[in-house]
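S.K.: One structure, as structure tokens, below. Some questions next.
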């Protein structure tokens, strides 16, 4: 067995390991994945550079753990939304989170160069899509939107694609049309959510006047 795979790694619940993960994520979001080096991560965490490879065999291992930690938290948010019947507005806010969109964009760029990251990203992307598709299908049904008018998969791709484009452009300093687009989408979502929240019309029958067996009363003769 190779020495690199046989050596003992630091504990997964170590405070130092958590500091390294926090530091790597901070650098990733602030400066991009290229800034995440063992020296920069250690300096950001206030630890010695040797500790990076004490807790992570390779930088790919560090990247994967940074991604996996945040991805698991986001999956839990979606699954909790499923249990609580999340509205369309809830799902929009989840996808429109700028930190989440930036996080995904950086890891997508990194996945173009590292097969390990690509495989991890694909695995979680498929899990996210399944969970969000179920939640979105319920929300559209509650809003009275039939599948032949707006298929849930189409709605999901439009929602996730739009939020990622807005985040990417914002990172470049391009914001023309962002406010108008966001207002339009949020207004449409509010209208659909109001339809879903409206009480169903009452089906109680209107009471009718009781008719007597004798029929209408005869008018007295003068």
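S.K.: State whether segment 60-196 is rounded, prolate or oblate according to the following rule on the C-alpha gyration tensor (a ≥ b ≥ c being the square roots of its eigenvalues): a/c under 1.5 gives rounded; otherwise a/b larger than b/c gives prolate, and the remaining case gives oblate.
M.R.: Details: a/c = 2.25, a/b = 1.42, b/c = 1.59.
Since a/c reaches 1.5 but b/c is at least a/b, the shape of segment 60-196 is classed as oblate.
S.K.: Something else: Can you work out the FRET efficiency for the pair residue 29 and residue 82, with r the C-beta to C-beta distance and R0 = 22 Å, to the nearest 0.05?
M.R.: Working: r = 27 Å, r/R0 = 1.23.
It comes out at approximately 0.20.
S.K.: Between the alpha-carbon centers of segment 41-64 and segment 139-166, tell me the distance in whole angstrom.
M.R.: Answer, in whole Å: 40.
S.K.: Compute the relative contact order of segment 10-56 as a whole-number percentage, counting only Cα pairs closer than 8 Å that sit 6 or more residues apart in sequence.
M.R.: 38 percent
S.K.: Another question about this same structure. Take the eigenvalues of the Cα gyration tensor for segment 10-56, scale each by 5, and report the square roots as semi-axes in whole Å, largest first.
M.R.: Listed largest to smallest, the semi-axes of segment 10-56 are 17, 10, 8 Å.
The numbers here are math on the coordinates, done by the rules we state, and not lab data. No experiment lies behind these values; they were computed from the predicted model shown. Neighbour counts are summed over all protein chains in view; Cβ atoms, including those assigned to glycine, are modelled from backbone coordinates with ideal geometry.
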